[in-house]
Amino acid sequence: MKIEQTPLTDCFLLEPRVFKDERGFFYETYNANTFKEVTGLDIDFVQDNQSKSTYGVLRGLHFQTGKMAQAKLVRVIKGKVLDIVVDLRKDSVSFGKSFSVILDDVDQMQLFVPRGFAHGFITLSEESVFAYKCDNFYHGPSEGGIIYNDATLALNWHLSDNEFIVSEKDKQLPTFKEVTS
């Protein structure tokens with residue numbers, strides 16, 4: 001497995017070594033020893049989540065706060081998504097900066113999202129199945145978010161606004177400035 005630092009502090013891309021033959025393929029999706037050796041981070045994942053979405057579904061930007069903050073290892077099992085993260089850690093050199101990457105079921109790339117980041121994705125294929133490991137349990141009262149079309153962040157979701165399918169809850173999220181002030 002190849003692990004590379006993204007432009008955002010503590011955020012990593014993981015590229016698995018995929019073994020393919022006439023039967024299909026096999027790859028290791030995560031190895032704690034390799035991850036710790038390369039990143040220096042000792043992560044204990046405690047919850048796995050999975051979602052299914054159709055073309056244009058935008059989920060995010062979400063995070064959890066305080067002691068219930070979550071680091072995530074995200075990947076696409078089926079389809080293709082644009083994944084976006086934003087560093088919300090005020091003491092980070094990459095505070096307020098974003099990073100985006102296409103994740104799909106062809107390259108099998110994964111993204112490690114550290115605690116203190118907002119995270120979201122939009123489905124670019126007809127359908128996607130998205131999976132992620134979390135190092136902390138979901139806690140409703142600690143849930144937070146930033147509106148997907150925040151003017152300060154000016155994120156490029158790769159689709160036109162009229163193609164977005166966004167939940168009513170996500171349409172009501174505060175701005176980056178409201179969350180970080």
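Read-outs: derived from the displayed coordinates by stated rules, not from any lab. The structure displayed is predicted, hence computed values, not measured ones. Virtual Cβ from ideal backbone geometry, glycine too; neighbours counted across all protein chains shown.
Quick notes
- Spin-label model, Ile77 to Glu37: label points 7 Å out along the Cα-to-beta-carbon direction sit 2.8 nm apart.
- For the stretch 1-87, alpha-carbon Rg over 2.2 N^0.38 Å: 1.24
- The calculated 222 nm mean residue ellipticity attributable to helices in the chain amounts to -2000 deg cm²/dmol, summing -39500 (n - 2.57) over DSSP H runs of n ≥ 4 and dividing by all residues.
- Relative contact order, whole percent, for the chain stands at 28, derived from Cα pairs under 8 Å and 6 or more residues apart.
- Each of Ser51, Ser92 has some number of other Cβ atoms within 10 Å of its Cβ, and from fewest to most they run Ser51, Ser92.
- The stretch 1-45 and the stretch 113-181 have their alpha-carbon centroids 23 Å apart.
- Taking other residues whose beta carbon is less than 10 angstrom from the beta carbon of Ile146, and scoring Lys, Arg as +1 and Asp, Glu as -1, yields -2.
- Counting every alpha-carbon pair across the chain, the share separated by more than 27 Å comes to 24%.
- Neighbour counts of C-beta atoms inside 10 Å place Leu159, Leu173 in the sequence Leu159, Leu173, starting with the fewest.
- As a proxy for reagent exposure, ranking Glu168, Glu4 by other Cβ atoms within 10 Å from fewest up yields Glu168, Glu4.
- When only Cα pairs below 8 angstrom with a gap of at least 6 residues are kept, the stretch 120-181 shows a relative contact order of 41 percent.
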